[in-house]
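Take a look at the structure set out below.
The values are calculated or read from the model by the stated rules, or taken from the named source; none is laboratory data. No experiment lies behind these values; they were computed from the predicted model shown. For neighbour counting, all protein chains shown are included, and Cβ atoms are generated from backbone atoms with ideal geometry for every residue, glycine included. To get the accessible areas, we keep the full protein, side chains included, count just its heavy atoms, and leave off ligands, DNA and RNA. Shrake-Rupley method; radii C 1.70, N 1.55, O 1.52, S 1.80 Å.
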Amino acid sequence: MTRRPAWRSALLLSALLAALLPAASSMGAASGGEVEVLHFWTSGSEAGAVAELKSSLHRKGHVWKNFTVANGGGGLAMVMLASRVNSGNPPTAAQIKGAAIQEWAHRGGLSSIDDVARADHWNALLPHSVSETMQHNGRYVAAPLNVHRVNWLWIDAAALKKVNARPPTSWDEFFAVAEAMKKAGIIPVAHSSQSWLDMGTFESVAIGVGGAEFYQRAFVQLDAGALAGPQMVKTLNTYRRLKQYSGSQSSGQDWVASTAMLTHGKAGMLLMGDWAKAEMQAAGKRPGSDILCVAMPGTAQTFVFDIDALAMFQVNDKNKQAQRDLAHAVMDKDFQLAFNLAKGSIPVRQDVSLERFDDCARRASADFKASAKRGTLLPSLAHGMAQPAHTVARMWDVINQFWSNERMSADDAAARLAAVARQP
Ligand code: BGC
């Protein structure tokens, strides 16, 4: 029988309590406000994590309204958000990423939650790399939920044993393991061809090939020499090699389906951030033993981060307090524990004990701190942490075309990357 981890039982219990308390929540709602949150957390594990936030707001007497856009990675969600804001009807908050938070704040769309942040001592609780992306002109406009690590390689321990190999630490070793799995009749890589995932893999290949400094030059500074140079060409060629090891089903497959391939023993490896871990756990797998977590080849000294945050929009006076309560709830210590256990990420608050977390989360936390000291904490391009959405979308497009069109050369793709990255 599959043993259900204690945190999952707690999650089920809180969902049950929330379901048993409709009378109490609607009674409280009379004096409370409404909190409408746009997000794209639609998988089973993601919905479980959102339920934590919803019950926290219910307990304060507010009505929770989901504005869910089913599109992993958030592309469509951002289009829907823009249309709501443009029509003068913004949600209370939206799940948006670092660079987009700054864009929205710059346009004057966001509301300050600085009073909550100051009263709750956010500056002291958050790493500087996080707190600075939550502020605009020195005022908090967004509340951070978690830190996801993007540069993970997940390996089915049984498949690795079958080919008698060790977790790869370089791309050469990775392809040797992939080749062995292929010969043993195992699909080596559970790939998903959604563009944000392609890009997430691609950016980590770039670190493995060219190092952290190359990543900074290419994806943070958008240096044309780095984007069109020999290391980018090598990155593109390495990335393309993955194709021959990805199953034929990968085209159009979303991240939940590729994660399920690994979880159900249909593929040997998965290159993806740790939101995938939450799906594995939900299916009864133990991360760190049934499914191994190692840094993507050549990226062990780095941490590519993706921070989920709720940016606060301008709301009417009636819902102002509800918005403040939302900001307060997101940074609450117990909530950070429950949400991150359900989400696969690590708490963004530095004072939350990791005792109840799995080995992979503990490794993520240690690597986050070590990378911060080393200067190799890298903002994920694919997840909107390094560049504004329109730049990322153009670069996604090039990478996606390069993956699907075998006739496009790596030199050509590198030149295109450099060209689109600089377009206003
Ligand atoms: C988000 C995660 C989410 C994942 C899949 C990432 O960009 O940061 O919270 O689970 O996409 O939708």
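Give me the aspartates and glutamates in straight-line cross-link reach of LYS97: C-alpha distance below 14 Å, same-chain residues under 8 apart excluded.
Result set, ordered by chain and number: GLU132, ASP306, ASP308.
Taking Rh as the Kirkwood radius computed over C-alpha pairs, what is the Stokes-Einstein D of segment 43-181 at 25 °C in a medium of viscosity 0.890 mPa s, expressed in µm² per second?
The calculation lands on 132 µm²/s.
Could you grab the relative contact order for segment 351-424? Cα pairs under 8 Å, six or more apart, rounded to a whole percent.
Averaging sequence separation for qualifying contacts and normalising by length gives 21 percent for segment 351-424.
Rounded to the nearest 10 degrees, what's the angle between the helix 230-241 long axis and the longest principal axis of the chain, both from Cα atoms, 0 to 90?
Taking Cα atoms only, the helix is inclined about 90 degrees.
Rule-of-thumb check for segment 190-278: C-alpha Rg over 2.2 N^0.38 Å?
1.17
Enumerate the aspartates and glutamates that LYS285 could reach by cross-link, defined here as Cα to Cα under 15 Å, with residues fewer than 8 away along the same chain left out.
ASP156, ASP274, ASP358, ASP359
Determine the principal axes of the Cα atoms in segment 277-406, then give the extent along each, sorted from largest to smallest and rounded to whole angstroms.
56, 39, 35
In whole percent, and with a 1.4 Å probe on the protein chains, what portion of the accessible area of the chain is carbon and sulfur?
53
Before anything else, pin down the relative contact order of segment 266-424: Cα pairs under 8 Å, at least 6 apart, normalised by residue count, whole percent.
Value for segment 266-424: 25 percent.
Quick one: among LYS182, LYS97, LYS343, which has the greatest mean-square fluctuation in a GNM of the chain with alpha-carbon springs under 10 angstrom?
Greatest mean-square fluctuation among the candidates belongs to LYS182.
Placing one identical point scatterer on every Cα of the chain and ignoring solvent, what is log10 I(q)/I(0) from the Debye formula at q = 0.06, 0.10 Å⁻¹?
Log10 I(q)/I(0), no solvent term: -0.24, -0.67.
Run the 1.4 Å probe and let me know the accessible area of ASP317, rounded to the nearest 10 Å².
Roughly 140 Å² of ASP317 is accessible to a 1.4 Å probe.
Over all distinct Cα pairs, what is the inverse of the mean 1/r for segment 178-240, reported as the Kirkwood hydrodynamic radius in Å?
In segment 178-240 this quantity evaluates to 12.8 Å.
With the other protein chains left in place, how much accessible area per residue, in square angstrom, belongs to the chain at a 1.4 angstrom probe?
41
Starting from the Cα of GLN401, step 7 Å along the direction of its Cβ; do the same at LYS266; then give the gap between the two resulting points in nm.
Placing both labels 7 Å beyond Cα along the Cβ direction yields 3.2 nm.
Could you give me the percent of Cα pairs per 10 Å distance bin for segment 344-424, shortest bin first, beginning at zero and ending with the bin that holds the maximum distance?
Reading the bins upward from 0: 15, 31, 23, 23, 7, 0.
On C-alpha positions alone, give me the angle between the axis of helix 359-374 and the longest principal axis of the chain, in degrees, nearest 10.
80
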